[in-house]
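For reference, the structure discussed in these notes is given below.
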Ligand code: IPT
């Protein structure tokens with residue numbers, strides 16, 4: 001840090017201390033019988049370019065802000081027409097010279113006046129507290145002209161005692177908010193920089209004798225079935241829990257038989273903490289978190305986290321989330337079998353944790369701390385290893401723990417994210433461990449696990465996770481004894497993540513592996529009038545990380561992406577597989593619950609259509625148990641149809657998060673296999689002038705390309721190996737060796753040339769010989785199209801033989817054809833309803849499906865390959881029926897792959913006059929290389945000899 005002379009009244013902005021004037025942190029609760037007044041709403045607003053551009057006079061009584069703009073609180077001014085958002089992943093968008101920040105420091109003065117409600121208690125009868133639940137990044141506050149303090153710690157609550165300043169009417173609250181402060185160095189999370197008063201502002205009456213802080217200790221002894229409750233309170237009072245017959249003094253423990261709290265059965269008991277001046281409702285969940293036998297155990301059993309990393313996000317309001325959006329997140333998680341949330345990378349709005357308590361989610365509550373940008377300088381000057389910053393770090397730790405300590409859902413505290421290592425982190429961990437012995441501590445950034453109770457990593461490959469599971473990873477003695485959590489994995493950027501099922505298999509195979517948290521929950525796209533959703537760079541940022549901010553399982557509008565549907569299937573709490581001798585094997589994968597909440601159905605499908613179905617009686621298996629359950633006789637095998645069996649597990653009754661009948665899990669297996677009807681060649685190609693006809697088909701005699709079949713005009717099929725590269729194909733810049741998207745482009749696979757070698761129409765087949773290869777390279781694909789017909793149907797067999805030395809897999813291998821734009825309704829028998837790729841196809845259910853072409857597109861914020869349907873037996877669209885031998889990948893879109901490839905936003909894609917159809921024999925896996933590992937070897941589409949067929953016909 002360089003020496004500087006202080007010159008302004010805004011020194012606090014660059015002060016490493018957490019602030020001054022605020023009250024000590026304490027437990028947060030939504031309401032009590034004490035009066036409160038929300039100060040949310042429309043505030044007067046003035047934006048200045050620097051921290052000291054304006055004096056303090058706006059805070060004085062009588063200041064006329066009539067010509068100021070208005071903003072909504074909670075909100076971010078950059079999302080309300082004042083300035084712009086900035087997105088960087090880990091780079092600080094200002095010079096790294098802690099604790100200094102740029103002179104250009106957008107500063108928002110916020111002003112509002114308020115009257116106390118008529119029924120506000122007598123001002124002499126107690127105090128009042130002004131609470132800010134979140135302000136980014138640094139605020140100074142005046143009430144009625146009095147400077148009451150300033151604070152940093154954007155996603156943490158700060159309270160000020162203001163009773164002595166209040167008047168019945170005409171109170172003036174002034175808040176000056178600086179975008180950049182010393183605190184910004186501690187808040188370098190991978191997200192938009194969004195200044196503003198983005199969480200609630202509330203005035204709370206504090207009657208004489210009201211509670212200050214209190215700590216609800218509610219443990220569960222699984223050996224006795226009893227819970228022990230003790231509520232410690234700074235102000236004495238009584239604790240009552242009517243359902244348990246509990247009525248005790250604060251500080252006094254009481255042990256009673258209870259139902260425990262788990263994320264699977266979130267039993268909460270309503271209680272009250274009554275002090276002389278206030279009655280606070282309590283929602284008490286009894287559970288005991290322990291590190292025992294090297295495992296994270298709750299109520300005596302190890303957990304398997306099926307988690308997500310959740311940033312707070314709304315496409316219009318940014319991190320200013322309303323209650324409905326928080327609830328939507330929780331319901332979506334529960335409905336998709338997610339059982340855990342890491343609040344990456346800061347404590348969420350506290351109301352979110354109330355929802356986690358109520359609906360049941362395990363929470364890793366993470367502190368508002370990340371100093372990732374220091375990695376650019378080898379972590380030199382990292383604030384977490386600099387004693388001057390330790391008070392700020394401890395303040396953040398305390399503000400998180402004190403605020404959130406009464407939530408049963410919170411089982412782990414996290415020190416922060418990507419902050420390197422240092423004494424400050426150790427100090428935080430020591431403080432947390434001492435303050436709260438009922439939870440464990442997480443931090444990923446220190447491979448030695450000096451301060452933590454679990455070994456955590458991010459984006460480790462499957463192979464490495466497996467080694468860790470086997471205990472072969474080494475590390476310090478301490479680390480070797482700890483359980484393992486993958487706090488981030490499966491980077492859900494764009495199409496993907498691939499490989500989820502493979503991770504899950506490994507998690508389930510090794511006790512030490514206690515699951516993981518997919519990165520991340522939702523795309524942080526910002527709704528934009530021209531671009532649909534904006535990402536980094538769309539606001540003219542000088543430095544940015546493009547669409548790396550759109551890497552969620554939900555699209556910005558909270559529509560589930562195929563990744564979420566896949567994840568739901570992979571982590572389903574009941575596994576259903578074909579068993580021996582006409583049985584289905586059902587396995588309970590819950591950690592606690594038996595299967596009594598589920599009902600089961602079976603159905604037999606012939607060629608994808610259900611022909612018989614019913615309910616299945618499955619025993620209420622305990623967690624971990626499995627059973628082979630006899631199925632009814634399958635329908636008679638007439639030899640002409642493929643028969644499959646599907647068994648589903650549904651909610652037997654309405655729950656708080658989904659109605660009765662909601663599908664929790666399913667399994668499908670073959671009963672009799674598919675036998676495609678052969679095409680016996682009966683016609684011969686006939687050449688007339690520039691045309692060749694073969695059965696119902698007409699070809700261009702010169703090019704050998706199909707031009708129509710049964711009157712349906714088309715752009716005939718031709719080999720296609722290109723796909724608009726996905727974010728995972730392209731990989732992250734630091735992934736140098738296997739960024740296939742980049743390497744494919746270097747090789748020229750996006751501009752293959754088709755050389756015509758021969759059109760042979762003698763005999764029973766029309767044979768077209770070609771060589772498909774990129775300019776400037778010696779590699780190529782010798783490609784032969786062989787057409788035959790039985791008079792009604794037309795069969796194409798494509799034979800591909802690679803030539804030269806292929807060092808790369810292919811993006812896809814198949815044919816592309818074009819149909820008139822009128823081809824719209826698609827019906828198919830195969831995998832669906834959603835897209836699937838080789839390593840993302842667990843959720844693809846073989847059945848009959850239909851969709852419009854537009855409905856088959858997956859709206860990735862940055863357009864890229866999408867929409868393939870897997871295992872397709874046949875498809876009908878535009879009057880054409882296409883059968884595949886073997887099954888194929890089907891894609892239809894109103895633009896070409898090349899157009900998709902160059903589009904930056906969905907709004908760049910405009911439908912043309914052709915529906916482009918890809919019929920693929922193979923697709924390369926998706927992987928997770930936009931941050932993690934690429935596809936596993938078994939999902940590679942190697943360039944090797946291949947032969948595949950399609951049968952075209954025009955049904956009557
Ligand atoms: C990791 C970060 O913890 C997370 O915030 C996010 O940036 C994620 O990556 C990628 O989207 S850090 C990465 C360098 C492994």
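Since every read-out is calculated from the coordinates, none of them should be taken as a lab result. Predicted, not measured: the structure shown is a model, and the values here were computed from it. Using ideal geometry, Cβ is built from the backbone for each residue, glycine included, and neighbour counts are taken over all protein chains shown.
Listed values, structure above:
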{"quantity": "Per-peptide average of other Cβ atoms within 10 Å, ordering 692-703, 510-521 highest first", "calculated": "510-521, 692-703"}
{"quantity": "Rel. contact order, % - alpha carbon contacts under 8 angstrom, at least six apart, region 214-290", "calculated": "32"}
{"quantity": "Using a Förster distance of 22 Å, the FRET efficiency for residue 67-residue 123 (Cβ separation, nearest 0.05)", "calculated": "0.10"}
{"quantity": "Prolate/oblate/rounded call for region 855-956, Cα gyration tensor, a/c under 1.5 rounded", "calculated": "oblate"}
{"quantity": "Theoretical gain in end-to-end length, residue 375 to residue 674 [0.36 nm per residue, Cα-Cα removed]", "calculated": "102.1 nm"}
{"quantity": "Theoretical FRET efficiency, 1/(1+(r/R0)^6), r = Cβ-Cβ of residue 655 and residue 775, R0 60 Å, to 0.05", "calculated": "0.50"}
{"quantity": "Over region 790-856, equivalent-ellipsoid semi-axes from the Cα gyration tensor in Å", "calculated": "26, 21, 13"}
{"quantity": "Region 214-290 - Rg over Rh from alpha carbon coordinates, Kirkwood radius", "calculated": "0.96"}
{"quantity": "Relative contact order for region 603-656, counting Cα pairs under 8 Å that sit 6 or more residues apart, in percent", "calculated": "49"}
{"quantity": "Sorted largest first, extent of region 686-953 alpha carbons per principal axis (Å)", "calculated": "58, 42, 32"}
{"quantity": "For region 632-727, convex hull of alpha carbons as volume per residue, Å³", "calculated": "237"}
{"quantity": "R0 of 41 Å, Cβ-Cβ distance residue 463-residue 54: FRET efficiency to nearest 0.05", "calculated": "0.10"}
{"quantity": "Region 46-72 residues near the modelled residue 20 label - backbone nitrogen below 12 Å, point 7 Å along Cα→Cβ", "calculated": "none"}
{"quantity": "Within the chain, helix-based [θ] at 222 nm, where runs of 4 or more DSSP H residues each add -39,500 (n - 2.57), nearest 500", "calculated": "-3000 deg cm²/dmol"}
{"quantity": "Kirkwood Rh, angstrom, the chain [1 / mean 1/r, Cα pairs]", "calculated": "30.7"}
{"quantity": "Residue 687 paired with residue 805, simple spin-label distance in nm, labels 7 Å along Cα-to-beta-carbon", "calculated": "4.0"}
{"quantity": "Residue exposure sequence - 646, 202, 343, 688 - by fewest surrounding Cβ within 10 Å", "calculated": "688, 202, 646, 343"}
{"quantity": "Spacing of the two label points (7 Å from each Cα toward its C-beta) at residue 232 and residue 627, in nm", "calculated": "4.6"}
{"quantity": "17 Å tail of the calculated P(r), region 568-632, as % of Cα pairs", "calculated": "44"}
{"quantity": "Degrees, to the nearest 10: 350-359 long Cα axis against longest axis of the chain", "calculated": "60"}
{"quantity": "Region 813-843 versus region 566-635: alpha-carbon centroid distance in Å", "calculated": "28"}
{"quantity": "Zone residues, region 658-701, relative to residue 610, backbone N less than 17 Å from point 7 Å out along Cα-to-Cβ", "calculated": "660-669"}
{"quantity": "Rg and Dmax of region 553-681, Cα atoms only, in Å", "calculated": "17.0, 61"}
{"quantity": "Pair residue 437, residue 247: separation of 7 Å Cα→Cβ label points (nm)", "calculated": "3.1"}
{"quantity": "Crossing angle, helix 500-509 versus the chain [Cα axis fit, 0-90 degrees, rounded to tens]", "calculated": "70"}
{"quantity": "Cα centroid separation, region 23-102 to region 209-234 (Å)", "calculated": "37"}
{"quantity": "Spatial separation of Cα centroids for region 755-792 and region 293-320, in angstrom", "calculated": "54"}
{"quantity": "Listed peptides 131-137, 257-263 by packing density, highest first (mean Cβ within 10 Å)", "calculated": "131-137, 257-263"}
{"quantity": "Relative exposure of 850, 805, 642, judged by other C-beta atoms within 10 Å (fewest first)", "calculated": "805, 850, 642"}
{"quantity": "Computed log₁₀ I(q)/I(0) - Debye formula, equal Cα scatterers, no solvent, region 142-258, q 0.11, 0.17 Å⁻¹", "calculated": "-0.66, -0.94"}
{"quantity": "Cβ-based exposure ranking for 829, 94, 151, in which fewest neighbours within 10 Å come first", "calculated": "94, 829, 151"}
{"quantity": "Degrees between helix 390-404 axis and first principal axis of the chain (Cα, 0 to 90, nearest 10)", "calculated": "80"}
{"quantity": "Mean separation of Cα contacts under 8 Å (6+ apart) over length of the chain, as relative contact order %", "calculated": "9"}
{"quantity": "Three-way shape call for region 444-490 based on the alpha-carbon gyration tensor, with the a/c threshold at 1.5", "calculated": "oblate"}
{"quantity": "Shape of region 715-858, Cα gyration tensor, a/c cut at 1.5", "calculated": "oblate"}
